[in-house]
Amino acid sequence: MKFWKNTYNEFIKIAAKPRSYIGIGAITLIVSIILFAMRVDGAFFISLITKPFEQSLSFEGNILNGNLIAFVILQMLIVHVPLLIALVTGDLVSGEAAMGTIRLLVTKPISRTSILLSKYLAGCAYTLVMLLWLMFMALVVGKMIFGTGDMMVLNGNGLVVFSEQDVFWRFASGFSLAYLSLVTVATLSLTLSCFSDNSIGPIVSTMAIIILFTIISTLDVPVLEKVQPYLFTNHMVAWRNFFDDPIPVAKIIKSGEILLIHIIGLLTIAIYKFNKKDILS
Amino acid sequence: MQEEEKIIEVSHLVKNYGKFNAVDDASFDVYRGDVYGFLGPNGAGKSTTIRTILSLIKPTSGQIKIFNRDMATHRPYILQRIGCIVEKPDFYNYLSAEKNLEVFARISGVDIPKKRVHEIIEFVGLKGREKDKLRSFSHGMKQRLGIAQTLIHDPELIILDEPTTGLDPQGIIDIRNLILQLKHERNKTILLSSHILSEIELIANRMVIINKGKTIVQGSVTDLLNARDLIVSFQVNDVEKAKQLIQSSTLNLVIESTDDKNLFIHIAQERIPILNKLLCDSGILVYSIEAKRKLEDYFLKLIGA
């Protein structure tokens, strides 16, 4: 019972903190700029995709539609959203330490594990809100401006066209997997937050780890190739697999497993650290 | 006679940070209904002890029992019956006073109606400011809200760590009166840490002094501060004559030291008028008699005053 009351408290805190709206504002602004740019220069963008195929294929209908726009926006932003997530989740424990409120919180009759899990749950909910807002801005607003239609995707296998009816479930599944990758980032920043008494450290460290892992993922060095498949950053773009034909199910499951292992591992470290931590702030 | 109930029992508490002993074998007991002064100079280990009592930090060794239960195994049960301020009264600056209280009330272990929140706000004198964000509050107002937060779930034991630090004189008086009100009107047991002896003297009935993490002395404030064996300074017109008179008298007194105007004498309280009469009868003019309590001297030495 106290756990749920504390989780409600965490929702109130996140909702009242001005920094929680930076992410929402940033997504709104960036997506609006992309939508505006597409509205103005969309035809040029489409020609970049269709030009190589124009001699063998003819393109008809509303190619520059909301589905394609949403896919482009997701591809561009899903790498940057983690920073916005870490702004809030990296502050969940360390922010309380910096403010001094952690002293009061930890002297209440609720276990430290419950305190941490309440914060985690609230952080996951915030992550979901961010992703749903991105989905709304990209898919719903995109369709309102550009209309709907079949979706054309250029991937490793060439040009793939999905019928309009075949698109929504792919987006829903893709967003679910993207959510899992963002929750991994949220868990990482929460874990780092348990090691720090200021907010900046965990936020910057989260980004540094993401950048480091991304660089390792792209290096063609044999010794690193063994670890590359296990880095969570390698699986942050796994949502795109839902736009392959046929869908690489095994690959998607593998990505989901690796992300889940990261989440469980990091959360275990966070709980252990938070329970052992001397509150000295 | 009914035995007093121990509310806090701290036994041989040790907290080390590497080679540094923050608390070194501290032991003391707080009884039901006490306003217990926890006195020591800055850096003596008061806050570390209080943080350990409240399970904010883990002790290296020793035992803490509160309400006759071990903190290590009965944490939620114990914390539900405690209200506390540890060092500064820090709150969520982006929430109002009322919301802050609601947040902490929600996890205090008892159902607290909104009416109770308003009652407590009124009790600590913050009525009319409850909707204001904490960022607009002065330190004194935050301290009052801190006390409101300790009382919101009507705990039996209140732990206040340096509650008057940073307050102006009026703020200190207000908080002191609030604490006395809690003792007399609400019958709370209060553990109050301070580095100011006079503050403890005015509020507490029992106290412990710690220094460098060790318990130096503990007992009732009356006994400790009004010990029968005092050092009394007698300011006289002729120190040498007075000294010879005392040494040749049958009073058998020990003169601790002298200076140009004063004699400092170990003397029991009831013998002060006898010595005064002796001096006056011998034609020595006594300008002032001032009792210096051993504990006060000792404490002043501790804090380097």
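The values are calculated or read from the model by the stated rules, or taken from the named source; none is laboratory data. This structure is a prediction, so every number in the text was calculated from the model and none was measured. Ideal geometry is used to build each Cβ from the backbone, glycine not excepted, and the neighbour counts take in all protein chains shown. Accessible surface is based on the protein model in full, side chains and every heavy atom, while ligands, DNA and RNA are left aside. Shrake-Rupley method; radii C 1.70, N 1.55, O 1.52, S 1.80 Å.
Taking the options A:THR113, A:THR148, name whichever one is in contact with a helix residue (DSSP H, G or I) (Cβ under 9 Å, 6 or more places away or on another chain), farther than 24 Å from A:LEU266 by Cβ and in contact (Cβ under 8 Å) with a residue 60 or more places away in the chain. After ruling out the rest, the residue left standing is A:THR148. One residue stands out among those in the range B:211-258 that are open to solvent by 70 Å² or more (accessible area, probe 1.4 Å), assigned to a loop (DSSP other than H, G, I, E, B) and not polar (S, T, N, Q): the one that is nearest to B:HIS12 (Cα to Cα), which is B:LYS212. In this structure, does B:PRO76 turn out to be surrounded by fewer than 23 Cβ atoms within 10 Å (Cβ to Cβ), of a type outside the set (A, V, I, L, M, F, W, C), on the phi < 0 side of the Ramachandran plot and part of a helix (DSSP H, G or I)? Answer is yes for this residue.
Does A:LYS51 meet the test of being within 14 Å of another protein chain (Cβ to nearest Cβ) and open to solvent by 50 Å² or more (accessible area, probe 1.4 Å)?
Details: within 14 Å of another protein chain (Cβ to nearest Cβ): no; open to solvent by 50 Å² or more (accessible area, probe 1.4 Å): yes.
Taking the combined requirement at face value, the residue does not satisfy it.
Within the range B:6-40, the set of residues being open to solvent by 10 Å² or more (accessible area, probe 1.4 Å) and closer than 25 Å to B:ILE179 by Cβ comprises B:LYS6, B:GLU9, B:SER27, B:ASP29, B:TYR31, B:ARG32, B:GLY33. Under the condition of being within 13 Å of B:ARG186 (Cα to Cα) and among the acidic types (Asp, Glu), the residues counted in the range B:152-172 number 2.
Only helices (runs of 4 or more DSSP H) whose full extent lies in the range A:182-281 are considered here, and the ones with at least 3 residues that are touching a helix residue (DSSP H, G or I) at 6+ places or on another chain (Cβ under 7 Å), modelled with pLDDT of 90 or more and within 14 Å of chain B (Cβ to nearest Cβ) are A:249-276. Taking every residue in the range B:235-256 that is closer than 18 Å to B:GLN269 by Cα and pairing it with any residue that is open to solvent by less than 90 Å² (accessible area, probe 1.4 Å) and of a type in the set (Gly, Ala, Ser), at least 6 positions away or on another chain, the pairs with Cβ-Cβ distances below 6 Å are B:GLN235/B:SER288.
Within the range B:75-96, the set of residues being touching a strand residue (DSSP E or B) at 6+ places or on another chain (Cβ under 8 Å) and farther than 17 Å from B:ILE158 by Cα comprises B:ASN93, B:TYR94, B:LEU95, B:SER96.
Mind checking whether some residue in the range A:107-120 is over 25 Å from A:MET1 (Cβ atoms) and more than 13 Å from chain B (Cβ to nearest Cβ)? So that I can check it myself, show each step before the final result.
The first filter runs over the range A:107-120 and keeps only residues over 25 Å from A:MET1 (Cβ atoms), leaving none.
Scanning the range A:107-120, I find no residue that is over 25 Å from A:MET1 (Cβ atoms) and more than 13 Å from chain B (Cβ to nearest Cβ), so the answer is no.
Here B:ALA204 meets each of (1) out of contact with any Asp or Glu (no Cβ under 8 Å at 6 or more places or on another chain); (2) open to solvent by less than 40 Å² (accessible area, probe 1.4 Å); (3) modelled with pLDDT of 90 or more with one exception, condition (1). Looking only at residues in the range B:94-116 that are facing chain A (nearest Cβ under 7 Å) and in a loop (DSSP other than H, G, I, E, B), the one that is surrounded by the fewest Cβ atoms within 10 Å (Cβ to Cβ) is B:TYR94. When you scan the range A:75-95, do you find a residue that is open to solvent by 10 Å² or more (accessible area, probe 1.4 Å), within 14 Å of chain B (Cβ to nearest Cβ) and of a type outside the set (D, E, K, R), even just one? No: the range A:75-95 contains no residue that is open to solvent by 10 Å² or more (accessible area, probe 1.4 Å), within 14 Å of chain B (Cβ to nearest Cβ) and of a type outside the set (D, E, K, R). Only a single item in (1) more than 22 Å from A:GLY100 (Cβ to Cβ); (2) assigned to a helix (DSSP H, G or I) is not met by B:GLY140, and it is number (1).
Being over 14 Å from A:LEU266 (Cα atoms) and open to solvent by less than 40 Å² (accessible area, probe 1.4 Å) is a condition met by no residue of the range A:218-226. Going by the conditions given, is B:ARG176 at pLDDT below 90, basic (Lys, Arg) and more than 20 Å from B:PHE104 (Cβ to Cβ)? Answer is yes for this residue.
Which residue out of A:ILE27, A:ILE69, A:ILE14 is among the hydrophobic types (A, V, I, L, M, F, W, C), within 14 Å of another protein chain (Cβ to nearest Cβ), out of contact with any Cys (no Cβ under 9 Å at 6 or more places or on another chain) and open to solvent by less than 30 Å² (accessible area, probe 1.4 Å)? Spell out how you get there, then give the answer.
On the way: A:ILE27 fails: within 14 Å of another protein chain (Cβ to nearest Cβ); A:ILE69 fails: within 14 Å of another protein chain (Cβ to nearest Cβ).
Result of the check over A:ILE27, A:ILE69, A:ILE14: A:ILE14.
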